[in-house]
Amino acid sequence: MAPLLSVKNMTHYFGGLRAVKDFNLAIDAGQINGLIGPNGAGKTTIFNLITGIYTPTEGTIELEGNSIKGLEPHEIAARGLGRTFQNLALWRHMNVLDHIRMAHYSQLSYSLFDAFFGSPACRAQEQAVRENSYKLMELFDIAQFAMQNIGNLPYGAQRRVEMARAMATNPKILFLDEPTAGMTPDELVRMIQIIRQVHRDFGVAIFVIEHRMKFVMELCQSIQTLVFGEVIAQGPPEEIQNNPDVIEAYLGKEDLH
């Protein structure tokens, strides 16, 4: 069976600078993969190439066997690839509930006529959106902030809002770009619990960039290590943790224990 997401020989240049070289990835349905590496290694660039923010110079990208290379980000999202961002991409003056509700609208089928006259179809779908939004907010422990503006929330809660919004698009695979950045140790533990529950309840595949080794070592089934745009190691957490090339390039001996 073909993988859910397949990336082959993806290479990208910014002008004369090669940012990514021959990147390959295969993620099966329900799998959790990690991507680690030092700052500037090209991790977020890889996310941006796969999700349509950039178009790769070379290589192929397929989701469920269909090419998504060159598609716009919203087209890729509609095909089942949701993501969060390293720097929060939230509207500071919009409340939490509206953030989550808005992410559902690409899946609604009522017409402008239905919306204008408040038809039964419109009312039924809007009620379903509201109910699902609250379910997601409960899951991500942000329901208590439903009517608050994003700018008034703690940083960790804002991260969870962005993840809930991504899940509202009903993705088959979820890209998480440093989901625990700026979080306290207690928030990190809670985030691991939440992602495990999301994975269990929705069966969604996950591809995550993360600097905090506790997170990737506990959650990921396979981890790639990126240095200067090239993968230097790939395998299960225990192999990556003890790989001398990874230790030298990124982890450091003290971080392993």
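Each reported figure results from applying straightforward, stated rules to the coordinates on display, with no laboratory input. Here the structure is a predicted model, which means the values were calculated and not measured. Glycine gets a Cβ as well: all are built from the backbone with ideal geometry, and neighbour counts include every protein chain shown.
Of the cross-linked pairs Lys21/Lys172; Lys8/Lys214; Lys43/Lys69; Lys69/Lys172; Lys8/Lys172, which ones have a Cα-Cα span greater than 22 Å in the structure shown? Show your work: numbers first, answer last.
Values: Lys21/Lys172 26 Å; Lys8/Lys214 29 Å; Lys43/Lys69 18 Å; Lys69/Lys172 17 Å; Lys8/Lys172 20 Å.
Beyond 22 Å: Lys21/Lys172; Lys8/Lys214.
Starting at the first residue of the stretch 52-61, write each ³J(HN,Hα) from the Karplus equation 6.51 cos²θ - 1.76 cosθ + 1.60 with θ = phi - 60°, in whole Hz, x for Gly and Pro.
Values, residue by residue: x, 5, 10, 9, x, 5, 9, x, 10, 9 Hz.
Can you pull the one-decimal nm distance between simple spin-label points at Asp22 and Tyr105, each 7 Å off the Cα toward Cβ?
Label-label distance for Asp22 and Tyr105, simple model: 4.6 nm.
Going by C-beta contacts inside 10 Å, put Ser133, Ser67, Ser119 in order with the fewest on the left. Numbers along the way, then the final one.
Values: Ser133 24, Ser67 11, Ser119 14.
Listed from fewest to most nearby Cβ atoms, that is Ser67, Ser119, Ser133.
Starting from the amide H of Arg79, placed 1.01 Å from N in the peptide plane, find each other amide H under 5 Å away whose residue is 5 or more places distant or on another chain.
none
Which loop trypsin sites (Lys or Arg not before Pro) in the stretch 68-144, with loop taken from DSSP, have no more than 12 other Cβ atoms within 10 angstrom of their Cβ? Please report the intermediate quantities before stating the final value.
Details: sites: Lys69, Arg79, Arg83, Arg92, Arg101, Arg123, Arg130, Lys135; in loops: Lys69, Arg79, Arg92.
Within the stretch 68-144, the qualifying trypsin sites (Lys or Arg not before Pro) (loop, at most 12 other Cβ atoms within 10 Å) are Arg92.
In 10 Å bins starting at 0, how do the alpha-carbon pair distances of the stretch 1-116 split up by percent?
11, 36, 32, 16, 4, 0
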